[in-house]
Amino acid sequence: MYSKGRQQMVSPEHFRAELEAQMQQAATRGQKHIVINALELHVALGVFPRPNHHTAADVMECERKSGDVLLVEKSSDGADYSLSSAESS
C-alpha cells in the first residue's frame, strides 16, 4: 500500500477485512482458535501505526466478541494488542 514512497491512508474497513480474512483462513485450515496481533495486521497491509491514525488495535477492540481473550493490552501506538479468538460457527 505504498505509492511513490509515501504511506497511504488505511481505513478501519481495511483492517476489518484483513482481520476477517485471517480468521477465515484459520477456519478453512480447521483451526478452532487463532491468536491475532495488531502489528501483524498492519504488516499484512503494508502500513505501520502512526499518531492520529486508525490502528488495527482500534478495529480489533470493536470486533472483539464474547469468548475472545485479550492477551496483550493496547500500547500507546496500538501495535502490541493481541487477542485469542475462538472460531465462531
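Put simply, when 43-49, 14-20, 69-75, 28-34 are sorted by average Cβ atoms within 10 angstrom per residue, most first, you get 14-20, 43-49, 69-75, 28-34. Distances between placed amide hydrogens fall under 5 Å for residue 71 paired with 82, 83, 84, all partners being 5 or more residues away or on another chain.
Scattering from the C-alpha atoms of region 2-86 alone, worked out with Debye: what is log10 I(q)/I(0) at q = 0.12, 0.14 1/Å? Values returned for q = 0.12, 0.14 Å⁻¹ are -0.34, -0.45.
Every number in this text was worked out from the coordinates using simple rules, so none of it is lab data. Model, not experiment: these values are computed from the prediction. All Cβ positions, even for glycine, are placed from backbone atoms using ideal geometry, and neighbour counts span all protein chains on display.
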